[in-house]
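Peer 1: Input: one structure, supplied below.
The values are calculated or read from the model by the stated rules, or taken from the named source; none is laboratory data. Note that the structure is predicted; figures quoted are calculated from it, not measured. Note that each Cβ is placed from the backbone with ideal geometry, even for glycine, and that neighbours are counted across all protein chains shown. These area figures cover heavy atoms from the full protein model, side chains too; ligands, DNA and RNA do not enter into them. Shrake-Rupley method; radii C 1.70, N 1.55, O 1.52, S 1.80 Å.
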Amino acid sequence: MNVRALARLGPRAVYGQALTALAAGNSNIMAISADLGRSSGLDRFSRELPDQFVNIGIAEQTMIGCAAGLARMGFDVFASTFAPFASMRASEQVRMNMGYMREPVKLVALGSGLSLGYLGNSHFGLEDIAVMRTVPGLVIVAPADCLEIQKTLDASVGYDQPMYIRLTGATNAPVVYNADYTFTIGQAVWLTPPRKIMLVSSGTTVAYCVKAAEMLAQIGIEVGVLNMHTIKPLDEDALRTVAREAHTVFVVEEHKVFGGLGSAVLEFYNASRLSDIAVILHGIEDRFLETGDYGFMLKSNRLDAEGIADFVKERLDTETADNER
């Protein structure tokens, strides 16, 4: 498996390519698009498997309803559109058709986070986890790289619960996994052993956390990295291990600091009374953003490797200074 080639394609193309390969050998798989066949990498799917593809048009609410109906008929349905339209425009349909009715639709959110940079705040997917976490029974997965996208799709086929699959990143995506590994929905992946300082992340920021940890190690700060690819349900065993081993946890995500992975981690620690560790959230602050290309958006919001490393160092320096007073 050529992970570098997958990374060059980027998340949307890899999604389309992987789903096409799965559907070619499984006529029960259906793909639905809200007029984003080409943007979602499903152009080839629509040409090669026209009986398994539906373009519903720019009607995201209708897309969820149709997906739920097909799922009720026994099809394995993957529905895709841009993240804010999947999570906010169609939120009522997700809540009722996927949540309340428990139809096992796999809703794939394209361009989550900041990757649609120049399209601006109307297209940024920065509140979607917060919205989707409130839907009972909805599983949320944010793959770390293009290989993990393939792993997520493999695990999703035949999965009997509704899912929200959050795709972040762009072409030439950073690589987390250079070789095959075991992927299980709901089970986080340790990219380093547990350490006194931990970075917990999901989506593309996992790769930048790995790089940030390498940068911090060069100045004598040892940092561990945990890929919490499944945001709901959380891997509670992994978080208990973090609580036993670490004194400071940084939760890094391409999402608002409200309602996302960081909030879920804090809620778990609070409910479990595991409050002896410091949990620090690093994501998008409570504001609308300027626009620019993806690299600029990451850098200006300190979510590239350098920004994450600097943020960690600054907060640790502040904690040290406070303890010395």
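Peer 1: On the basis of being closer than 29 Å to L119 by Cβ, open to solvent by less than 70 Å² (accessible area, probe 1.4 Å) and over 18 Å from the mean Cα position of the chain (by Cα), does S300 make the cut? So that I can check it myself, show each step before the final result.
Peer 2: Values: closer than 29 Å to L119 by Cβ: yes; open to solvent by less than 70 Å² (accessible area, probe 1.4 Å): yes; over 18 Å from the mean Cα position of the chain (by Cα): yes.
Yes: the conditions hold for S300.
Peer 1: As an exercise: evaluate M96 against (1) open to solvent by 10 Å² or more (accessible area, probe 1.4 Å); (2) in contact (Cβ under 8 Å) with a residue 24 or more places away in the chain and give the number of the one condition it does not meet.
Peer 2: Answer for M96: the failing condition is (2).
Peer 1: Of the conditions (1) within 24 Å of K256 (Cβ to Cβ); (2) not in a helix (DSSP H, G or I), F78 satisfies every one except a single condition; which number is it?
Peer 2: With (1) within 24 Å of K256 (Cβ to Cβ); (2) not in a helix (DSSP H, G or I) applied to F78, the lone miss is (1).
Peer 1: Right, next: Which condition from (1) farther than 19 Å from L147 by Cβ; (2) assigned to a loop (DSSP other than H, G, I, E, B); (3) in contact with a Gly (Cβ under 9 Å, 6 or more places away or on another chain); (4) of a type outside the set (A, V, I, L, M, F, W, C) is the one that R44 breaks?
Peer 2: Among (1) farther than 19 Å from L147 by Cβ; (2) assigned to a loop (DSSP other than H, G, I, E, B); (3) in contact with a Gly (Cβ under 9 Å, 6 or more places away or on another chain); (4) of a type outside the set (A, V, I, L, M, F, W, C), the lone unmet condition for R44 is (2).
Peer 1: Given the conditions (1) modelled with pLDDT of 95 or more; (2) surrounded by fewer than 23 Cβ atoms within 10 Å (Cβ to Cβ); (3) of a type outside the set (G, A, S); (4) within 19 Å of A109 (Cα to Cα), and given that N26 satisfies all but one, which numbered condition is not satisfied?
Peer 2: (4)
Peer 1: Mind listing just one residue for me: the one in region 249-277 that is part of a loop (DSSP other than H, G, I, E, B) and either of a type outside the set (S, T, Y) or within 14 Å of the chain's Cα centre (by Cα) (or both) and, of those, surrounded by the fewest Cβ atoms within 10 Å (Cβ to Cβ)? I'd like the intermediate steps shown before the answer.
Peer 2: Start the filter on region 249-277 by keeping residues that are part of a loop (DSSP other than H, G, I, E, B), which leaves 257-260, 272-277.
From the residues that got through so far, the ones that are either of a type outside the set (S, T, Y) or within 14 Å of the chain's Cα centre (by Cα) (or both) too are 257-260, 273-274, 276-277.
Numbers: V257: 18, F258: 16, G259: 17, G260: 26, R273: 7, L274: 15, D276: 10, I277: 17.
The qualifying residue surrounded by the fewest Cβ atoms within 10 Å (Cβ to Cβ) is R273.
Peer 1: Just for region 278-289: of the residues that are within 23 Å of A212 (Cα to Cα) and among the hydrophobic types (A, V, I, L, M, F, W, C), which one is surrounded by the fewest Cβ atoms within 10 Å (Cβ to Cβ)?
Peer 2: So in region 278-289, the residues within 23 Å of A212 (Cα to Cα) come out as 278-285.
Filter once more, so that each one left must be among the hydrophobic types (A, V, I, L, M, F, W, C): 278-281, 284.
Details: A278: 14, V279: 21, I280: 16, L281: 20, I284: 23.
Residue satisfying both the conditions and the ranking: A278.
Peer 1: Residues T152, T182: which one is of a type in the set (S, T, Y), out of contact with any helix residue (DSSP H, G or I) (no Cβ under 8 Å at 6 or more places or on another chain) and not in a loop (DSSP other than H, G, I, E, B)? Spell out how you get there, then give the answer.
Peer 2: Values: T182 fails: not in a loop (DSSP other than H, G, I, E, B).
Answer to the check: T152.
Peer 1: Which number in (1) under 18 Å from A13 (Cα atoms); (2) surrounded by fewer than 24 Cβ atoms within 10 Å (Cβ to Cβ); (3) not hydrophobic (A, V, I, L, M, F, W, C) marks the one condition that T152 misses?
Peer 2: Here T152 meets the rest and fails (2).
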